[in-house]
1. For region 76-100, name all the residues that are open to solvent by 50 Å² or more (accessible area, probe 1.4 Å) and either in contact with a helix residue (DSSP H, G or I) (Cβ under 8 Å, 6 or more places away or on another chain) or among the aliphatic types (A, V, I, L, M) (or both).
2. Just to be sure I understand, how many residues within region 371-409 are among the polar types (S, T, N, Q) and either in contact (Cβ under 8 Å) with a residue 40 or more places away in the chain or out of contact with any Lys or Arg (no Cβ under 6 Å at 6 or more places or on another chain) (or both)?
3. With open to solvent by 50 Å² or more (accessible area, probe 1.4 Å), touching a residue at least 12 places away in the same chain (Cβ under 8 Å) and under 30 Å from Val82 (Cβ atoms) as the only criterion, which of Glu214, Glu251 stands out?
4. Output yes when any residue across region 159-181 is part of a strand (DSSP E or B), under 30 Å from Ile276 (Cβ atoms) and in contact with a helix residue (DSSP H, G or I) (Cβ under 6 Å, 6 or more places away or on another chain), and no when none is.
5. Looking at (1) more than 30 Å from Arg265 (Cα to Cα); (2) open to solvent by 10 Å² or more (accessible area, probe 1.4 Å); (3) of a type in the set (Ser, Thr, Tyr), which one does Ser339 not meet, given that it meets all the others?
6. Would you say Ala207 is in contact with an Asp or Glu (Cβ under 9 Å, 6 or more places away or on another chain), without any contact (Cβ under 8 Å) to a residue 40 or more places away in the chain and of a type in the set (A, V, I, L, M, F, W, C)?
7. Suppose we filter region 147-156 for residues that are more than 17 Å from Gly222 (Cα to Cα) and either surrounded by 24 or more Cβ atoms within 10 Å (Cβ to Cβ) or at pLDDT below 95 (or both); how many remain?
Amino acid sequence: MTHFGVVVVGAGHGGAQACIALRQAGYDGSIALIGDEPDLPYERPPLSKEYLQRDKPFERLLIRPASFWLNRSITLMPGVRVVAVDATAQRVRTAEGSEIGYDWLIWAAGGAPRRLGCTGTELAGVHSIRTRADVDRLEAELATTEQVAVVGGGYIGLEAAAVLTKLGKRVTVLEAQERVLSRVAGEALSRFFEAEHRAQGVDVRLAATVTCIEGAAGRVTGVRLGDHTLLPAQMVIVGVGIEPAVAPLVEAGAAAGNGVRVDGRCRTSLPRVFAIGDCALHANPYADGVEIRLESVQNANDQAIVAAKTIAGVATTYDAVPWFWSAQYELKLQTMGLSTGHDQAVVRGDPDSRSFSVIYLRGGRVIALDCVNAMKDFVQGRALVVAGARVEPALLADAERPLKMLVPA
């Protein structure tokens, strides 16, 4: 049985950053980075944007070149899937049956795309966007595809819809809620992006439920909706969230809910086992202490640094401000903070100008900003979110007044 000082399971942003941060923090023990994909660690956000559009080759998605890992004595183990954890013996077991021992374990396995609970999901032409292989399979079918149904009006669904529309496909977005981006944004921003997609030719259908995916000869031919409408499609993209990949930890006895529970140092309830990134359920200070999972590169990277420093003996806790971004058409959306639970939303600037912000307040305090083509607001608004600043809505709405002028002294 091989043994490492630190075993990191999951070679996405969080896992890669954990290895980098361990060396930066002075950890000189052996490190293994285990990933179930065959590739070197790579960036995921471009998959539904530049990579799908083929504006960015895969080589430019690599987080670091192969030489980086070699020079820092980090052992990469691609194409390996961990299926079990023995926290007492401090070892993991792979799908091939081999065992790998550890002094410390960092679980950064992320999650798998949530499947639709209806028939037809196994048909050829039904896709998700989570890995490079997902996008390569999708791209290989585009030449014979005219009509695309995108199930889910979140970031992934809308980004894919934007790219495919640019590529000349007829796209329909099917959103079960009354507005797109309903889980992550207020109504003003939702309606803005809904209008943008409609203007670009996307058929956006709200409160739309999918009854089944229909096909012929093993390939998708359409989507049957709750109102019995049959929407013809040669391709279906499902973007309805992820299921956190935590089964081996839960089976090993880790406390869990919607993800595996971690404390402020990203430690699970299992000894010497950490969890970070999309699968880590944590009490977030910017969500009023409520337990949440954050599916973002920022969260994965920042939690990775906390776990690495803790292993290296550097006292630290996770208190980073959440931020996200999305690119659709010529629009760049940047979000600072978490708008969940807001009781007031202030629109700053004119949405018709395609450069504006929405500032969210709860109990009179600034908790988040959504900034569309408004980089200065995004950068300067961070201090308002950190301070939980009390600012008059009229001042926030004044786009001529820089937000840095409203930060409390």
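1. Scanning region 76-100 gives Leu76, Ala95.
2. 1
3. Sole residue among the options that is open to solvent by 50 Å² or more (accessible area, probe 1.4 Å), touching a residue at least 12 places away in the same chain (Cβ under 8 Å) and under 30 Å from Val82 (Cβ atoms): Glu251.
4. Scanning region 159-181 turns up no residue that is part of a strand (DSSP E or B), under 30 Å from Ile276 (Cβ atoms) and in contact with a helix residue (DSSP H, G or I) (Cβ under 6 Å, 6 or more places away or on another chain).
5. Of the numbered conditions (1) more than 30 Å from Arg265 (Cα to Cα); (2) open to solvent by 10 Å² or more (accessible area, probe 1.4 Å); (3) of a type in the set (Ser, Thr, Tyr), the odd one out for Ser339 is (1).
6. Considered against the rule, which asks whether it is in contact with an Asp or Glu (Cβ under 9 Å, 6 or more places away or on another chain), without any contact (Cβ under 8 Å) to a residue 40 or more places away in the chain and of a type in the set (A, V, I, L, M, F, W, C), Ala207 comes out as yes.
7. So the answer is 3.
Residue-by-condition table, conditions (1) closer than 20 Å to Leu270 by Cβ; (2) open to solvent by less than 30 Å² (accessible area, probe 1.4 Å); (3) under 26 Å from the mean Cα position of the chain (by Cα):
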{"position": "Asp36", "(1), (2), (3)": "no, no, yes"}
{"position": "Leu40", "(1), (2), (3)": "no, no, yes"}
{"position": "Glu43", "(1), (2), (3)": "no, no, yes"}
{"position": "Tyr51", "(1), (2), (3)": "no, yes, yes"}
{"position": "Leu62", "(1), (2), (3)": "no, no, yes"}
{"position": "Ala66", "(1), (2), (3)": "no, no, yes"}
{"position": "Ala109", "(1), (2), (3)": "yes, no, yes"}
{"position": "Arg115", "(1), (2), (3)": "no, no, yes"}
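The values are calculated or read from the model by the stated rules, or taken from the named source; none is laboratory data. Computed from a predicted structure; not experimentally measured. As a convention, Cβ positions derive from the backbone with ideal geometry for all residues, glycine included, and neighbour counts pool all protein chains shown. Note: areas computed on protein heavy atoms with side chains; ligands, DNA, RNA excluded. Shrake-Rupley method; radii C 1.70, N 1.55, O 1.52, S 1.80 Å.
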